[in-house]
Amino acid sequence: MMFAFIEQPIESKIIDFSSKEVFAERKQGNIQKAYKMAQQLVQHNPKDSWNHKALAWCLIDLIKQNPQEQYIEQLKQIPISARDDILEKSINFAIKKSNPLNTEINHAKMLSKKKQHREAANLYFKLLKNQPENMELQTSFAWELYYLTSENLKKKSINIDNIKRYFLEYFKLQTEKPSLLHHCFLRASLKLITNEEIDKKNNIDFAKFCQQWNLENLNPDDYEPSSYQTQSGEIYKSQSLALSVFRAALKNAMELNNLQALNELVAFIQTKIHFIKSDHIWLQWDLAKSYHLLGNNKVALDILLPILKSKPNEYWLWDFLGDLYFYDDNELAISCYCKALLHQKDINFVAKIKMKLAYYFIHYEKFERAKIELQAIIDYKQKHSQKISEEFQQLSREIWFEKPITARNNLDFYSEKAPTAEELLYQDLPWIAAVLGDAFEHNDKISRKLFIKTEAIPMEISVPDSRISLKTKNAGLPIQIKGEWNNNKFQIYLVKIRQALYANDIFSLFPAVVDHINTEKRCIHLLINEKIDTTIAQTTLPFIPNLYDVVNVHISQHTTKDGKLRYKVYHIEPNEDLSDARHLIRSFKEKVRISNGLGFGYESDLFFPPEIVQNFKLTSNDLVCGRALKSYNKKKNSWGWRVIDISLIEKNTSSNSFYDE
């Protein structure tokens, strides 16, 4: 049956009224009559939504008069499909107003307004025992749990057990998700797990919390970095909520060695990481460590290598790389540890790495080298009044430890082994021919120019001079490098000297013509071809060129901050062979055609500027010898030849007026 409250379905009776008549009876105040008519309509045609609407409004009227349980239950059974927004709100309001617990509910609300959240929570908890499915009660109780959590987090002495109990009660509820309330609990838990003053052993299991919270409930905005403004008006950006949660959850799962939760977390994060808009290199680092703990070193290695390429001077990354290879290739692992020790000298940070090397030396009976590592750690601990562990004491009692040390350190061993680790990191990258440039100071730091070989013109880049680990750093020195482009910047990884026949060997010599001299700015403009031109300061020239002189240049290219390609002269010298620049400047012998004071060649695209026409009194059909320069016509957006001087004129003896235009 559609409705259990219809006791005697009227099947044979003819219905000669509609829902309109029901609403009319309601309007006249005949609620009981309208109610019985609506029942008959629903029984007769349960598929008509207007019949259900009519019945619902009748029930709402009856509940207002007498909130009987049977009316309330009937109202709850009105199909969702028959409810519009207004009816839905009215149904909820009628049910809510008829709740026998309203007096106590209102009291709980009053307690909450007075910030008596503990009392309010206890009352809601009691009421939920009577109405466990009441969603309003569940939501109100959940908010009180959050308020209690928030109050606790503000205290100097946080009662972690109480907060755990609040979280436990919250996850028993069936509140709306995702929602503001749900996110409030996530932020509270994040604040709790990142509180360094709380003993980690006593803190919450944040990875488990995230599983219960269900990270699928994160909103798109949660992946965006948040901004905040300081009192001074400065705007700062902080990492997104998703990024903070992911990192905290991974860290917590690793600390608790919760491999099951860790496995679920890395799988989920890998599907969501592309949504994070801000830099997430540290999340990648956490993922690499997580996969290593899960025993998946291959994936850990794939994640680690790009991080290490971007931060090649971080000792802890090289140390971790060594750990990834420790069981598969011990020699390779040792080279990574050596690379780490070359980047960090402070024993407070590298004691564990030095211990790994010590055991390696002991295994291969290189006892003096082992003692060097151990003694350095012992000396440091004694100097800083740190406890010497039983492990160190036992090793120091070995016979080989009694022998004196002849070397000060194992730096030679580090330097010998480290290149293997470097080659591992960049093994997939090709060696690129390059040339060293000059060093210069920028922002109180010494940088150096490098010129990288390309298919055409060498590319100029600048790198910190410290990245060039060569004994000789003469400008023009042929070198080879390993590196790659990243966001229009070249990241250099390895550098070594390259055998070549001469310096600056990657540069080609280009002929160029001096097509303009700016005496005010004291610079000259050089035209190299239709696509390349550049300027050079006169003060940097080793000789003084004249206008229209042909020179030879080495040029490099570089990209400006706005992404435009520019060219720069690296070397310049005179050119005695003018034939090299015939594509830039040429001699001609040709008749001229005059039009409106301008001259044009009859046989080619020669252009005679008005000053040339006037100075040499040219007329049409004059045979002219001279020189022309390659030039660009901005109006026509094309290249042509502009006459720059005339050496000989054979005047036309016929009437000029007939030919002149």
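Report the residue count in segment 480-510 for those that are assigned to a loop (DSSP other than H, G, I, E, B) and touching a Leu at 6+ places or on another chain (Cβ under 7 Å).
Total meeting the criteria: 1.
Would you check which residues across segment 425-444 are outside any strand (DSSP E or B) and open to solvent by 20 Å² or more (accessible area, probe 1.4 Å) and list them?
Selection gives GLN427, ASP428, LEU429, PRO430, TRP431, ASN443, ASP444.
Determine whether segment 291-303 contains at least one residue that is surrounded by 14 or more Cβ atoms within 10 Å (Cβ to Cβ) and either in contact (Cβ under 8 Å) with a residue 40 or more places away in the chain or among the basic types (Lys, Arg) (or both).
No.
Quick one: count up the residues across segment 99-114 that are at pLDDT 90 or above, aliphatic (A, V, I, L, M) and not in a helix (DSSP H, G or I).
0
If you go through segment 391-421, how many residues are open to solvent by 40 Å² or more (accessible area, probe 1.4 Å) and within 26 Å of ASP329 (Cβ to Cβ)?
Residues meeting the conditions: 9.
Going by what's in this entry, would PHE171 be described as in a helix (DSSP H, G or I), touching a residue at least 40 places away in the same chain (Cβ under 8 Å), open to solvent by 30 Å² or more (accessible area, probe 1.4 Å) and under 26 Å from LYS200 (Cβ atoms)?
Taking the combined requirement at face value, the residue satisfies it.
For segment 325-343, which residues satisfy the criterion of being over 18 Å from GLU314 (Cα atoms) and either small (Gly, Ala, Ser) or assigned to a loop (DSSP other than H, G, I, E, B) (or both)?
PHE326, TYR327, ASP328, ASP329
Could you go through segment 344-365 and let me know if any residue there is in a helix (DSSP H, G or I), touching a Ser or Thr at 6+ places or on another chain (Cβ under 9 Å) and either crowded, with 16+ Cβ neighbours inside 10 Å or not basic (Lys, Arg) (or both).
Looking for residues that are in a helix (DSSP H, G or I), touching a Ser or Thr at 6+ places or on another chain (Cβ under 9 Å) and either crowded, with 16+ Cβ neighbours inside 10 Å or not basic (Lys, Arg) (or both), one finds none in segment 344-365, hence no.
Working carefully through the options ILE91, ILE63, find the one that is touching a Phe, Trp or Tyr at 6+ places or on another chain (Cβ under 8 Å), in a helix (DSSP H, G or I), at pLDDT below 80 and buried (at least 19 other Cβ atoms within 10 Å of the Cβ).
Answer to the check: ILE63.
Yes or no: segment 184-196 includes at least one residue that is free of Cβ contacts under 8 Å to residues at least 24 places away in the same chain, open to solvent by 90 Å² or more (accessible area, probe 1.4 Å) and either within 22 Å of VAL245 (Cα to Cα) or among the polar types (S, T, N, Q) (or both).
yes
Return the pair list, or none, for Cβ contacts closer than 6 Å from residues in segment 478-506 that are surrounded by fewer than 15 Cβ atoms within 10 Å (Cβ to Cβ) to residues that are of a type outside the set (Lys, Arg) and not in a strand (DSSP E or B), at least 6 apart or on different chains.
ALA503/GLY476
Consider ASN409 against the criteria (1) in contact with a helix residue (DSSP H, G or I) (Cβ under 7 Å, 6 or more places away or on another chain); (2) among the polar types (S, T, N, Q); (3) in a loop (DSSP other than H, G, I, E, B); (4) closer than 20 Å to ILE307 by Cα: it satisfies all of them except one. Which criterion is unmet?
(4)
For segment 638-648, which positions are surrounded by fewer than 16 Cβ atoms within 10 Å (Cβ to Cβ) and either of a type in the set (Phe, Trp, Tyr) or over 60 Å from the mean Cα position of the chain (by Cα) (or both)?
Passing the criteria: TRP639, SER647, LEU648.
Can you find a residue in segment 396-404 that is closer than 19 Å to LEU341 by Cβ and assigned to a loop (DSSP other than H, G, I, E, B)?
No, there is no match, as no residue in segment 396-404 is closer than 19 Å to LEU341 by Cβ and assigned to a loop (DSSP other than H, G, I, E, B).
Which residue pairs have Cβ atoms closer than 8 Å, lie 6 or more positions apart in sequence or on different chains, and pair a first residue in segment 599-617 that is over 17 Å from LYS630 (Cβ atoms) with a second residue that is surrounded by 15 or more Cβ atoms within 10 Å (Cβ to Cβ) and of a type in the set (Phe, Trp, Tyr)?
GLY599/PHE607; GLY599/PHE608
Could we say that LEU308 is at pLDDT 95 or above, open to solvent by less than 20 Å² (accessible area, probe 1.4 Å) and either aliphatic (A, V, I, L, M) or not in a loop (DSSP other than H, G, I, E, B) (or both) here?
no
Restricting attention to segment 456-472, and to residues there that are farther than 18 Å from PHE507 by Cα and not hydroxyl-bearing (Ser, Thr, Tyr), which single residue is most open to solvent (accessible area, probe 1.4 Å)?
Ranking the candidates gives LYS471 first.
Return the pairs, sorted by first residue and then second, in which the second residue is assigned to a loop (DSSP other than H, G, I, E, B) and open to solvent by 80 Å² or more (accessible area, probe 1.4 Å), the first residue lies in segment 409-433 and is free of Cβ contacts under 8 Å to residues at least 40 places away in the same chain and acidic (Asp, Glu), the beta carbons are less than 9 Å apart, and the residues are 6+ apart or on different chains.
Taking only residues 6 or more apart or on different chains, not a single pair turns up.
Which residue is surrounded by the most Cβ atoms within 10 Å (Cβ to Cβ), if the candidates are limited to segment 208-235 and must be assigned to a helix (DSSP H, G or I) and under 24 Å from the mean Cα position of the chain (by Cα)?
Looking at the filtered set, the residue picked out is CYS210.
Name the single residue that is farthest from GLN138 (Cα to Cα) among those in segment 159-168 being free of Cβ contacts under 8 Å to residues at least 40 places away in the same chain and not in a loop (DSSP other than H, G, I, E, B).
My answer is ASP161.
From the residues in segment 609-637 that are part of a strand (DSSP E or B) and polar (S, T, N, Q), which one is most open to solvent (accessible area, probe 1.4 Å)?
Looking at the filtered set, the residue picked out is ASN633.
Only one residue in GLY601, GLY597, GLY563 is within 51 Å of the chain's Cα centre (by Cα) and small (Gly, Ala, Ser), so which one is that?
It is GLY563.
Looking only at segment 445-455, filter to residues that are open to solvent by 70 Å² or more (accessible area, probe 1.4 Å) and under 15 Å from ILE432 (Cβ atoms); which one of those is modelled with the highest pLDDT?
The selected residue is LYS453.
Residues in segment 548-564 that are exposed (fewer than 12 other Cβ atoms within 10 Å of the Cβ) and at pLDDT 90 or above: how many?
Adding up the residues that qualify gives 0.
On the basis of being within 27 Å of ARG498 (Cα to Cα), assigned to a loop (DSSP other than H, G, I, E, B) and of a type in the set (Val, Ile, Thr), does THR420 make the cut?
Answer is no for this residue.
Mind checking which residues of segment 347-367 are under 36 Å from the mean Cα position of the chain (by Cα) and small (Gly, Ala, Ser)?
ALA351
Looking at segment 510-528, I want the residues that are farther than 16 Å from GLN557 by Cα and have a partner that is exposed (fewer than 15 other Cβ atoms within 10 Å of the Cβ) and small (Gly, Ala, Ser) with Cβ atoms under 6 Å, at least 6 apart or on another chain. Which pairs are those?
From residues that are farther than 16 Å from GLN557 by Cα, the pairs are CYS523/ALA537.
Determine, yes or no, whether ALA370 is touching a Gly at 6+ places or on another chain (Cβ under 8 Å), open to solvent by less than 20 Å² (accessible area, probe 1.4 Å) and either of a type outside the set (Phe, Trp, Tyr) or not in a helix (DSSP H, G or I) (or both).
Judged against the criteria, ALA370 is not a match.
The values are calculated or read from the model by the stated rules, or taken from the named source; none is laboratory data. A quick note: this is a predicted structure, and the numbers were derived from the prediction, not measured. Cβ coordinates were reconstructed from backbone atoms using ideal geometry, including for glycine residues, and neighbour counts include every protein chain displayed. The protein model used for the area step is the full one, side chains on, heavy atoms only, and it has no ligands, DNA or RNA in it. Shrake-Rupley method; radii C 1.70, N 1.55, O 1.52, S 1.80 Å.
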